[in-house]
Every structure is written in C-alpha cells, then in structure tokens.
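Report on the following structure.
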Amino acid sequence: MHVKAVIDGTTVRLGQDGASLYEQGGYGRPDGAGLRLAFEEALYLLLRGKIEVPGHTFESLLATFAGTPDFLRRFLVYRDIRERGYVIQPGPQDFRVFRRGEKPGRGRSQYLVRVISERAVIGFDRMAADGATALHMRKTYVLAVVDDENELTYYEVKMPDLPSVESPPLPSFTGAYAGTAVVAAVPESAGSEERAWFGTPLDAGRLMLSPLEIIYLRARGKLAVAGDPEGEEVFLARVAAADAELAEKQAVYTHLRDLGYMPRTAYKFGHHFRVYTGKKKHSEMLVHALPPRAEMPMSIISRSVRLAHSVRKKMLFACVNEDMIRYIEFGRIKL
C-alpha cells in the first residue's frame, strides 16, 4: 500500500504510515508522528511508486515543483546519487550524502554537495569559504555540475596546504638586461637541477632569466646585473606595464619558490605555472594565479581539469589575498 502525502508549503508531509521510509531508507525528517520530505525526496519517491500525492502524476508534480529555483537540477542530482546506493538529504550546501550503507542516526555523512549549472560563474571567495566549511566538518566538498543536456559531472574540491619540499640551493647569477629579461652567465654547475630550473639556455655559456625569475632572485640577493641603471621599482614598473597579471603571478611564484617548488611557465597548457617538486622528471601540478575576488566560468574550470588530468597533473587555482595565498584544487571524481 502506497503512503499518501500532502504538499505543505515548501515540503511534503506524510502521516505516521510514512515513518518506515525514514527508518529504512533515510528519507525525510521526522515531524512528530509523521515525516516531512523535501520536494526532491517527494518527487523521487513518487517516481519509484513509494508514495501517492493525491491529484498528481509524476509529470504534474514535477511541473508544480519546477517553479522553485534550480529545482530540476537538484532533482537530477538527487536521483543520480540515490540510484548509486547512497542516502542523500538536504544539507549545508544543497545536499549531504552519507557513507555507502549508512543513514541518519546510524552513520556519518561523507560528502557536502553543491549543485550548479555548466554555465555557472564560480566565485573563488565563496568556493574557498565552502571548502573551508567542509574541511572543518571533515567532509568531502563536491560540485555536481549539470550540463545543458542534463548530464552530470562531479568534481571534488580540496583546500590543500602545500608542504615544503627539499630543493637545490639557490644559485647566484650575474648578467645584463635585455629588455625585460636578463642574459646571465651559466653558473659553474650547469645542469637544470643544479641551477634549480632557473633560466632558459641560449648556448653553453648563457641563459635568459624571465621577469619573475629576475624579481625573485634580486629579492633574495642572488642576481647581480652589470651596470644596472635602474632600481627594482623601475624594473617592476616596466614589467607590470607589459603584464597585467604580474602582481598575482609574482606573489604565487614567490610563495612556491619559498616552499621549495620549481615553477615554470605553463603557457602551453593555458595556465601560469607548471610546478616541479624535484621528485619526478615531469611537473606534477598546474597552477593558475588569481587576484582577490576572482570569478571564472565553470566551463573554463572544467576544461582546465580535463587537460590537467590528461597529462597526469593536479589542477590548482591560487587565490591571492592580502595576507595569504589559498590553493583550491579541482578534480573529477566518480561517486
């Protein structure tokens, strides 16, 4: 016998005969002797023939609920996760998802899920706040992206604290300006690792240092420029005039170098840096530097993640604030 339900404001109410849906399947929330269901739960249970809503078919109830903003996307995600064998309930973002085989009162939730459109614009300040909330709650933060053909893609969002790594000591360079570059003599130890991956070789005895390398090495007292006619501020102004992203790139480059990482340009990958730890021959991360209050379309993030995964790298966005740099990592997952 199907349980009868009544629409009550923004929820659907079941009588005492609906209690088993909560006890056995983790649906809804107890409400006195009865049960209250979110719209997504009610529509799913109607679809599966578990409840009746007098006067409604699945199609008419869907049409009724569709007036609620973003309802259809949330329902598609709810249905997908339920049919993967998880108990899912409305939660701090859109949903919280319990560990497989667990449910309310008899287990812990594992994921906090936020549902968005493929056309969503991601604000990194909010993303960082949501990620920090999930981390504090010891949950995995997941973006469920619904594309324009109603297909779903899940992304895990992490807030990694990059650990320090061992790296070669900073070499010392001497050279001369060539525009916004410096042509420097190759140090006695000429290998890439020995020179900590600074510079691009011109020939056996010379290499070119990029603006970010020049700024970093000068700040650390490791670069002497012969006949230097300008101070650091003048050089910075010249470089900044040619690079609107210099401030955030410099901040992230400096932070990575100080932790022992070796960042190099990732222009060929469409990002600012490919980052080496020195442990492997190839770079292990792609890092894109972002200014405060940055926003980015989800479609661009999706392309970045797919590219990074295809070349076996992690995709990190580095959010530059006044007092810190926060890294946000996106990775596709299968629930």
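Between V234, V183, V77, the Gaussian network model of the chain with springs among Cα atoms under 10 angstrom shows the greatest mean-square fluctuation at V234. For the pair segment 116-169 and segment 241-314, the centres of their Cα atoms are 16 angstrom apart.
With a 10 Å cut-off between alpha carbons and a GNM built on the chain, which of G231, G278, G91 moves the most? Among G231, G278, G91, the largest mean-square fluctuation in the Gaussian network model of the chain belongs to G231. Per-residue Karplus couplings for segment 310-321, computed as 6.51 cos²θ - 1.76 cosθ + 1.60 with θ equal to phi - 60°, are listed in order as 5, 10, 6, 10, 7, 10, 10, 10, 9, 8, 8, 10 Hz, Gly and Pro entered as x. Tell me the net charge near V115. Cut-off is 9 Å between Cβ atoms, V115 excluded, with +1 for each Lys or Arg and -1 for each Asp or Glu. Here the charged neighbours net out to +1. Mind checking the angle between helix 246-258 and the chain's longest principal axis? C-alpha axes, 0 to 90 degrees, to the nearest 10. Orientation of helix 246-258: about 80 degrees from the principal axis.
Legend: distances between Cα atoms for K222/K314; K222/K313; K268/K313; K50/K334; K103/K139; pairs beyond 22 Å are K222/K314; K222/K313; K50/K334. Of the residues S304, S167, S60, the one that moves most in a GNM of the chain with alpha-carbon contacts below 10 Å is S60.
All of the numbers you see were taken from the coordinates with simple rules; none came from a lab. None of the values given here were measured: they were computed from a predicted structure. Every residue, glycine among them, receives a Cβ derived from its backbone with ideal geometry; neighbour counts consider all protein chains shown.
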